[in-house]
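Asker: Have a look at this one before I ask anything.
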Amino acid sequence: MNFAEQLAGYIARVEKGLEQHLPGASERPARLHEAMRYAAQGGGKRLRPVMTLAAAEVFGITNDAALPAAIAVECIHTYSLVHDDLPCMDNDDLRRGRATTHKAFDEATALLAGDALLTHAFFLLAENYSGELARNLIRELSDAAGSRRLIGGQMEDLLAEKKADATQDELDFIHLNKTAAMIEASLVLGGLVGRANEDDLGSLRLAGRHLGLAFQIIDDILDATADTATLGKTAGKDAKADKTTYVKLHGLDRARQLATEQTEKAVTAFSNLPNDAAFLVELTRQLTSREK
Ligand code: GRG
């Protein structure tokens with residue numbers, strides 16, 4: 001199987017997992033469950049859950065044992081997008097190539113759907129794993145999604161927007177927490193299901209940190225260079241808001257160089273794993289040249 005076939009296989013498992021593990025659209029209250037499914041099942045690259053499945057596979061998990069963990073990660077990622085798009089935050093009306101959840105439903109429903117996706121992630125972990133593994137998965141994901149990381153990164157991002165210029169240090173905090181935390185957790189959750197040892201979990205975490213930084217720099221570059229139709233979300237927002245990004249601080253060429261440096265550091269961390277992580281290495285490289 002080549003890389004594209006492997007990726008398609010992982011994505012198909014994630015789509016099936018979402019269908020299976022989200023509350024049914026007709027379950028009461030149907031409007032809430034429809035909104036959760038609208039947000040979660042309407043496209044998206046599925047990068048994070050694919051990484052969970054692939055990291056588990058590095059440690060010999062070829063069945064669907066890591067699938068509930070992968071879906072939990074995607075639930076949290078989706079909730080963060082739904083809330084980020086709300087009028088009180090980014091106020092966006094396009095996400096994943098279609099109307100944002102608050103546009104397709106209404107603000108209150110989108111807020112609740114986000115809350116419910118966040119909560120459902122931890123239900124999935126508690127329901128599908130037990131003992132020490134369940135505890136470790138819940139600890140890892142709640143830390144990544146919490147006030148010190150994802151939510152903290154979002155808070156600093158909102159604060160930075162209000163200032164004329166953010167510093168490199170502030171930008172790094174935002175990227176490491178808003179973007180890299182969930183990518184690290186995606187990989188570590190897969191490793192935990194595969195019973196990886198501490199050293200190997202450390203390598204996955206480090207790879208996720210560098211991959212997350214590369215991913216966010218590329219995201220900044222795409223915002224400046226790609227169009228809305230290709231991205232499936234509004235392009236050019238950073239420049240319009242005069243937001244401090246890698247592109248604003250360093251220019252396009254240097255930003256590209258920095259993304260490549262972070263990519264190579266992620267590849268090095270993956271190569272420290274004892275088993276073949278060729279798929280994760282190729283995924284990391286492809287993300288550097290992604291178009292959306
Ligand atoms: C509201 C707590 C809270 C957090 C919001 C995710 C997020 C934090 C904000 C969205 C804006 C943004 C640029 C975040 C950085 C991470 C990022 C690039 C998210 C988009 O991830 P993709 O490109 O999205 O993997 P898809 O739609 O493909 O899943």
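Asker: Before we move on, is PHE173 of a type in the set (Phe, Trp, Tyr), open to solvent by 10 Å² or more (accessible area, probe 1.4 Å) and free of Cβ contacts under 8 Å to residues at least 24 places away in the same chain?
Answerer: yes
Asker: Let me ask something else about it. Open to solvent by 60 Å² or more (accessible area, probe 1.4 Å), in a helix (DSSP H, G or I) and closer than 23 Å to TYR129 by Cβ: which single residue out of GLU19, GLU34 fits that description?
Answerer: Within the list GLU19, GLU34, the selection yields GLU19.
Asker: Separate question: Kindly indicate which of ASP199, ASP143 is touching a helix residue (DSSP H, G or I) at 6+ places or on another chain (Cβ under 9 Å) and of a type in the set (Asp, Glu).
Answerer: Of ASP199, ASP143, the one residue that is touching a helix residue (DSSP H, G or I) at 6+ places or on another chain (Cβ under 9 Å) and of a type in the set (Asp, Glu) is ASP143.
Asker: If you check THR244, THR263, THR284, which single one turns out to be modelled with pLDDT under 90 and buried (at least 20 other Cβ atoms within 10 Å of the Cβ)?
Answerer: After applying the criteria, what remains is THR244.
Asker: Give me the helices (runs of 4 or more DSSP H) completely within segment 206-292, filtered to those with at least 3 residues that are without any contact (Cβ under 8 Å) to a residue 24 or more places away in the chain and closer than 26 Å to ALA166 by Cβ, ordered by residue number.
Answerer: The qualifying helices (runs of 4 or more DSSP H) are 237-240, 252-271.
Asker: Out of segment 180-220, which residues are open to solvent by 10 Å² or more (accessible area, probe 1.4 Å), of a type in the set (A, V, I, L, M) and within 30 Å of VAL247 (Cβ to Cβ)?
Answerer: Correct list: LEU206, LEU213, ILE218.
Asker: Name the residue, out of ASP92, ASP85, that is of a type in the set (Asp, Glu), within 15 Å of the ligand (Cβ to nearest atom), closer than 23 Å to GLY232 by Cβ and touching a strand residue (DSSP E or B) at 6+ places or on another chain (Cβ under 7 Å).
Answerer: Within the list ASP92, ASP85, the selection yields ASP85.
Asker: If PRO29 satisfies all but one of (1) open to solvent by 40 Å² or more (accessible area, probe 1.4 Å); (2) without any contact (Cβ under 8 Å) to a residue 60 or more places away in the chain; (3) under 30 Å from ALA278 (Cβ atoms); (4) away from the ligand (no atom under 15 Å from the Cβ), what's the number of the condition it fails?
Answerer: Exception for PRO29: condition (3).
The values are calculated or read from the model by the stated rules, or taken from the named source; none is laboratory data. For clarity, every value in this text was computed on a predicted model and none was experimentally measured. In this analysis, Cβ positions are derived from the backbone assuming ideal geometry, glycine residues included, and neighbour counts consider all displayed protein chains. The area values use the complete protein model at the heavy-atom level, side chains included, leaving out ligands, DNA and RNA. Shrake-Rupley method; radii C 1.70, N 1.55, O 1.52, S 1.80 Å.
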